[in-house]
C-alpha cells in the first residue's frame with residue numbers, strides 16, 4: 001500500500017473495537033420554556049406535517065423481501081464507482097461481492113449517522129429556547145430513532161456491517177460537544193444531514209433492492225423536514241447573535257465543512273480522499289489493492305465520489321449544504337476568506353434546497369433529472 005492509503009495501527013485498533021460504547025461528557029445547556037407560544041408559522045407547519053407523517057416500519061415496509069448479498073444492490077449503470085476500471089476488470093462474481101461490501105459500508109454510515117442525529121436532536125430538544133422548536137425537535141428525535149431501527153434491521157438482513165468513518169464520528173462528536181444549540185443544529189441539521197439527504201436521494205436512485213428503495217423513500221421524507229427545520233429556525237437565531245458570537249459560529253461552521261470536505265476529496269471532488277479504515281477493509285475483503293483503486297479513481301478523473309454526478313443525482317455541497325449555510329448567515333465576510341484559502345467553493349443557488357423545503361410541508365417531489 002502507498003502511504004496515502006495505508007491503514008495505521010490506530011485505525012486497525014479502532015476497527016477492532018468499533019462496536020464498544022464511546023462515552024464522554026458534553027457541556028450541555030438545558031432551557032425550560034414556560035410561555036408555550038407557537039410563534040413561527042413555518043415551524044408550526046413543519047410540526048403539523050411531522051405529526052401527520054409518522055410511519056411504522058413494521059406496517060409500511062415489507063421485511064419479508066429476501067436480500068441476497070451475492071446479487072448487486074447498486075445499479076452498475078448508474079453508480080460511478082461500479083464503472084471504475086479497477087472494478088470493471090473484476091469477474092462478475094467479484095463485482096457482485098464488491099457491490100455488496102461497498103453498499104454495506106455506505107449503509108453502515110447511514111446507520112451510525114442516524115444514531116448521531118438521534119443524539120443531537122435530543123440535545124436540541126433540551127437546549128433550544130423556543131417552545132415551537134422544542135416540539136418540532138422532539139418529532140425529529142422520534143424520526144431518528146425510527147431511522148436507526150430500519151437501517152439496523154436492513155444491515156442485519158444483509159449480514160455485513162462496517163464501523164463509523166472517523167471523520168463522521170469526529171464531526172458528530174464536535175457537534176455534540178459544542179455546547180450551544182445553534183452549533184448543534186449547524187453541525188447536524190445542515191452539514192451532516194445536507195450530506196445525508198443527498199446520499200439518501202442518490203441511493204434511492206441507485207439501489208436495485210425494492211426494500212432498500214422503499215425504506216430510503218420514507219427516510220428521505222423525514223430528512224427533508226429536518227433540513228428544512230435547520231433552515232427555518234437558524235436564520236432567525238443567527239440574525240440575533242452578537243458579532244463576536246456570530247464569528248464563533250462561523251468558525252465552527254467552517255471547521256465542520258472543512259472536515260467533511262477533506263474526507264470527501266474536497267467539496268468539488270478535486271482533491272485526494274482521506275483514507276478510511278472501513279473502506280480500506282472493503283477493498284481488503286474484496287481482494288482489491290488500495291493503490292490500484294486509487295489509481296483508477298485518478299484515471300477516471302473523479303478525485304472522489306463527490307465529483308461529477310449522474311443526471312438526477314444531488315450534490316451535497318453544491319445543492320444543499322453551502323446554499324443553506326449562506327442563506328442562514330453562518331458564513332461571514334471573515335470566514336469567506338477561510339473557505340477561499342482552503343479552496344472550498346461557496347455555492348449559493350438554493351433552488352434544489354428550496355424545492356425540498358417546499359415539499360417538507362406538503363407532498364415532497366424529489367428531483368429526477
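Worth pointing out:
- Shape call, the range 103-194: gyration tensor on alpha carbons, a/c limit 1.5: oblate
- The chain: calculated mean residue ellipticity at 222 nm from DSSP helix runs of at least 4, using -39500 (n - 2.57): -19000 deg cm²/dmol
- If you run the Gaussian network model on the chain, springs between alpha carbon atoms under 10 Å, then out of 80, 266, 278 the most flexible one is 80.
- Residues 213, 204 arranged by fewest to most Cβ contacts within 10 Å: 213, 204
- Separation in nanometres of the label points that stand 7 Å from Cα toward Cβ, at residue 44 and residue 271: 4.5
- When peptides 342-350, 136-144 are ranked by their average number of other Cβ atoms within 10 Å per residue, the highest-first order is 136-144, 342-350.
- Estimated distance in nm for a label pair at residue 236 and residue 346, the labels positioned 7 Å out from Cα along Cα-to-Cβ: 2.6
- Fewest-first ranking of 25, 289, using other Cβ atoms within 10 Å as the exposure measure: 25, 289
- Degrees separating the helix 290-300 axis from the principal Cα axis of the chain, which is the longest one: 70
- Taking the chain and dividing mean pair separation by its residue count, relative contact order in percent (alpha carbons under 8 Å, at least six apart): 23
- Cα centroid of the range 161-228 to Cα centroid of the range 39-108, whole Å: 13
- Using alpha-carbon coordinates, inclination of helix 131-158 to the longest axis of the chain, degrees: 10
- Residues considered: 145, 228, 50. Largest GNM mean-square fluctuation over the chain, using C-alpha springs under 10 Å, is found at 145.
- Gyration tensor verdict on the range 198-267 (Cα atoms; rounded if a/c is under 1.5, prolate if a/b is larger than b/c, oblate otherwise): oblate
- Degrees between helix 41-52 axis and first principal axis of the chain (Cα, 0 to 90, nearest 10): 50
- Placing a label point 7 Å from the Cα of residue 299 along the Cα-to-Cβ direction, the residues of the range 87-115 whose backbone N falls under 19 Å from that point are 87-96, 98-99.
Laboratory data are not the source of any read-out in this text; all were calculated from the coordinates shown. Predicted, not measured: the structure shown is a model, and the values here were computed from it. Ideal geometry is used to build each Cβ from the backbone, glycine not excepted, and the neighbour counts take in all protein chains shown.
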